[in-house]
Amino acid sequence: MKTRQGPAFVIAAVLLLAPRLAAGPSGIAAVSTYGNFETAGIIIRVEGMDFNESAALRYRKTGETSWRQGHDFVRYDGNHMAASLFGLAPSAAYDIEITLADPDGTTGANPALAAVATKPEYALPVPLRVVKVSSQSQLDAAVENALPGDEIRLAAGTYPTGIRILGNGSGTSDHPIAVTSPAAGETWRRGTRYTIRWTKAGEQGAKVRISLLRNGGLKKTIILATPNDGSHEWKVGAGIVRGAGYQIRVKTLKGNIKGFSGAFTID
């Protein structure tokens with residue numbers, strides 16, 4: 001028994017004698033911001049941190065007067081805290097206000113002010129040429145003879161072998177080759193299966209979410225996540241309201257890159 005009690009007594013003594021951080025005022029020494037498409041990240045460096053601090057975040061679009069409350073900051077190491085903003089508008093500037101709270105007092109500017117700008121949405125350039133196809137053979141020929149800046153528009157129908165890259169043609173960063181369906185002005189029938197087709201330029205996320213919009217508003221999530229491989233088969237539901245003004249939106253799950261079809265009709 002004595003040999004077991006000895007080490008326990010030594011450990012307890014060490015714990016009791018462990019040094020504690022001296023309490024004192026802290027201050028925001030630096031603010032770093034990182035804008036994405038509809039989100040933003042904020043990191044603050046806190047001098048004099050002794051782990052009893054907290055920090056609150058408010059934000060507003062530049063030019064507006066009303067502030068919105070953001071998520072509180074979370075500490076991730078000995079002198080840094082981080083927070084994120086969601087649901088921002090793309091291609092917009094925002095004002096940031098950070099208020100540090102410390103029961104031992106604060107130093108320096110408090111609240112601290114900063115700014116962040118979100119990225120603009122990616123949009124395909126205006127095509128140099130539009131090639132309309134309505135059969136598998138026409139699609140094969142269009143892909144085989146595609147030039148930089150071509151947009152190949154597929155009419156509603158069935159393409160048994162899909163898109164096959166047969167030649168050595170390639171787009172450029174300024175003029176990618178786009179394959180789109182549904183095309184503007186088409187009519188898709190309820191109860192019928194169609195293939196939604198899209199193209200991507202550059203490095204993008206591995207999966208996308210596909211949604212049905214009408215007049216800019218979300219009507220239905222067609223699929224939450226599917227491989228970003230350029231096509232997805234969809235049967236138009238019998239319960240979808242007939243009418244014009246529908247669009248398909250394809251959006252990456254990471255990076256928030258999105259694209260829209262032309263306006264089409266469901267009948």
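Derivation of every value follows stated rules applied to the coordinates shown; laboratory data play no part. Everything numeric in this text was worked out from a predicted model, so none of it was measured. Glycine also receives a Cβ, built like all others from the backbone with ideal geometry; neighbour counts cover every protein chain displayed.
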- Task: Would you mind ranking 212, 100 so that the residue whose beta carbon has the fewest other beta carbons within 10 Å leads the list?
- Result: 212, 100
- Roughly what would the spin-label model give for residue 75 and residue 267, points 7 Å off Cα along C-beta, in nm? 6.6 nm
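Given the peptides 221-227, 259-265, arrange them by the average over their residues of other C-beta atoms within 10 Å, most packed first.
Values: 221-227: 13.3, 259-265: 18.0.
Highest-to-lowest ranking by the protection proxy: 259-265, 221-227.
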- Item | Candidate aspartates and glutamates for bridging to residue 254, where Cα separation is under 17 Å - those fewer than 8 sequence places away on the same chain excluded | 38, 121, 203, 229
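If you rank 97, 64 by fewest surrounding Cβ atoms within 10 Å, what's the result? Write down the numbers at each step before the final one.
Details: 97 15, 64 11.
In increasing order of surrounding Cβ atoms, one gets 64, 97.
For the pairs 207/235; 61/119; 61/220; 220/258, note any where the Cα-Cα span goes beyond 25 Å.
Values: 207/235 20 Å; 61/119 14 Å; 61/220 29 Å; 220/258 16 Å.
Listed pairs above 25 Å: 61/220.
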- Could you name the lysines in cross-link range of residue 132, using Cα to Cα under 22 Å and dropping any fewer than eight places away on the same chain? 200
- What is the list of residues in region 243-266 whose amide nitrogen lies under 13 Å from a point 7 angstrom out from the Cα of residue 39, following Cα to Cβ? 252-257
